[in-house]
Amino acid sequence: GTRDDKCAHAIIQSALPKKKYTLLMVDPDAPSRQKPSRAYWRHWLLVDIKGEALQRGDISAVELSAYTRPTPPQGTGFHRYQFLIFEQPEGQSLSLSPQENSSRGNWDLQAFVERFGLARPVASLHHINTPLSECEHNVYKIL
């Protein structure tokens, strides 16, 4: 398959070197902001990102959901894409349930966060996209 995420980077200079982090990307506007009946749409989910790697922008990790680029349907207007990074609790192994693995849509983000004891995000980025815009290269630097 193609590697749509090959140009994506997340740099968090304040990441703690010995900690592990989770990165996720969701669309709360699926299929549209007016009728978000499929929200949250899970575009990407990485776990076990090492803090020292995150400081360098290396997001090599366990990929629970492979990256899928934004493709808002024509006529649905603006979509918000949210990137969230959480510090993982010590020794916690994160996974998706069989039900969560069966579909990317209607993902209960809050239930996932609570199930694994993820506190507030340590970083977040909100990106707005329309069906007409395309992105060649994304670098997200969060201080």
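Descriptive notes on the structure:
- Some residue of region 91-110 being surrounded by 15 or more Cβ atoms within 10 Å (Cβ to Cβ) and modelled with pLDDT under 80: no
Table: residues versus (1) touching a residue at least 40 places away in the same chain (Cβ under 8 Å); (2) more than 19 Å from R33 (Cβ to Cβ).
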| residue | (1), (2) |
| --- | --- |
| D48 | yes, yes |
| G51 | no, yes |
| R56 | yes, yes |
| S60 | no, yes |
| Y67 | yes, yes |
| P72 | yes, no |
| R80 | yes, no |
| F83 | yes, no |
| E87 | yes, yes |
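- Every residue from region 111-120 that is surrounded by fewer than 18 Cβ atoms within 10 Å (Cβ to Cβ) and of a type outside the set (V, I, T): A111, E114, R115, F116, G117, A119, R120
- Scanning region 71-90 for residues that are among the polar types (S, T, N, Q), more than 16 Å from the chain's Cα centre (by Cα) and open to solvent by less than 70 Å² (accessible area, probe 1.4 Å) yields a single hit, T76.
- Condition check for P17: modelled with pLDDT under 95, loosely packed, with under 13 Cβ neighbours inside 10 Å and on the phi < 0 side of the Ramachandran plot: yes
- The set of residues in region 18-58 being under 20 Å from S93 (Cβ atoms) and assigned to a loop (DSSP other than H, G, I, E, B) consists of K18, K19.
- Test: residue in region 124-134 that is modelled with pLDDT of 90 or more, open to solvent by 50 Å² or more (accessible area, probe 1.4 Å) and farther than 14 Å from A10 by Cα: no
- Enumeration of residues in region 54-64 that are among the small types (G, A, S) and buried (at least 18 other Cβ atoms within 10 Å of the Cβ): A61
- Members of region 65-87 that are part of a strand (DSSP E or B) and closer than 24 Å to V47 by Cα: S65, R80, Y81, Q82, F83, L84, I85, F86, E87
The values are calculated or read from the model by the stated rules, or taken from the named source; none is laboratory data. Nothing here was measured: the structure is a model prediction, and the numbers come from that model. Neighbour counts run over all protein chains shown; Cβ positions are idealised from the backbone, glycine included. Please note that ligands, DNA and RNA were not included when accessible areas were found on the heavy atoms of the full protein model with its side chains. Shrake-Rupley method; radii C 1.70, N 1.55, O 1.52, S 1.80 Å.
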